[in-house]
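The values are calculated or read from the model by the stated rules, or taken from the named source; none is laboratory data. Just so it is clear, the structure is predicted and the values come from calculations on it, not from any experiment. Here Cβ is always computed from backbone atoms with ideal geometry, including for glycine, and neighbour counts include all displayed protein chains. Heavy atoms of the whole protein, side chains included, go into the accessibility calculation; ligands, DNA and RNA do not. Shrake-Rupley method; radii C 1.70, N 1.55, O 1.52, S 1.80 Å.
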Amino acid sequence: MKEKIIRASVTLFEEKGFSATSIQDITDSIGVTKGTFYYYFKTKEQLLMEIHKEYITGLLSRQQAIVENAEWSSAEKLRAMIGLLILDIRKNGSSGRVFFREIRHLSQANIRAVTEDRDRFRLNIEAVIREGVESGEFREDLRPDMAAFGILGMANYSYNWFDPEGEVNPDELAAIYAGMVLDGMKSGEGPFRKR
């Protein structure tokens, strides 16, 4: 039942927004009483926090498996991380949109907790980029921190416009993004290299 409440809430929060969705809306959508809701969640914010934690925890777990793959180069790890974010839109697009849009409705303490997890995801990307720079796989003048923000900005904004059932499928979009990023980061000569 808890999972059913979460899934219904994600749908309603995506459609109507967190503020415009009442607990009554949530319980009506799945045919239960408010008592059922309060059995699992004390407040609507606690429910939103659960959605946020579930979303970022899943991403972090899958990202960690990529980071720990000793057989992959830094470029292969970044390609997999970009793919992880884009392919996730098909499965968890609604949760992702709620995650990015509704964080402002959390208390400062909860925002800090979620931000720590988001920062960990970004820092993992940054660490992979730094390893690539140190190994000579990526340009030595590359700023790993700025590159990580750029990758996340590009991939995360896709949650707002990308339709996984549209003309371009998630694998294709991930390949396009990975190509743009990795071609710009690889070491060697090119039009954007420092002279």
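List, in the order given, every pair from K53/K91; K91/K186; K16/K77; K2/K77; K4/K42 whose Cα-Cα distance in the structure shown is over 27 Å. From the list (K53/K91; K91/K186; K16/K77; K2/K77; K4/K42), the Cα-Cα distance tops 27 Å for K91/K186; K16/K77; K2/K77.
Mean-square fluctuations from a GNM of the chain, with a 10 angstrom spring cutoff on Cα atoms, peak among A70, A174, A147 at A70.
FRET efficiency for the I30 to R122 pair, using the beta carbon distance and R₀ = 41 Å, is estimated at 0.70. Which shape class, rounded, prolate or oblate, goes with the chain when its Cα gyration tensor gives a ≥ b ≥ c as root eigenvalues, a/c under 1.5 marks rounded, and past that a/b bigger than b/c marks prolate? Prolate shape, in that a/c is at least 1.5 and a/b is the bigger ratio.
3J(HN,Hα) along the range 22-29: 9, 4, 4, 4, 5, 5, 4, 5 Hz, from the Karplus curve 6.51 cos²θ - 1.76 cosθ + 1.60 with θ = phi - 60°, whole Hz, x for Gly and Pro.
When a 1.4 Å probe is rolled over the protein heavy atoms, the share of accessible surface on the range 117-192 that falls to carbon and sulfur comes to 53 percent. Calculated mean residue ellipticity, 222 nm, the chain: -25000 deg cm²/dmol, from DSSP H runs (n ≥ 4) at -39500 (n - 2.57) each, averaged per residue and rounded to 500. Amide H contacts of F138 (H built 1.01 Å from N, in plane; Pro and chain starts excluded): V133, S187 sit under 5 Å, all sequence-distant by 5 or more or on other chains. The peptide list 118-126, 156-164, put in order of mean Cβ contacts within 10 Å with the highest first, becomes 118-126, 156-164.
Between helix 74-102 and the chain there is an angle of about 20 degrees, using the helix long axis and the longest principal axis of the Cα atoms. Take every pair of alpha-carbon atoms less than 8 Å apart whose residues are at least six positions apart; their mean separation over the length of the chain yields a relative contact order of 25 percent.
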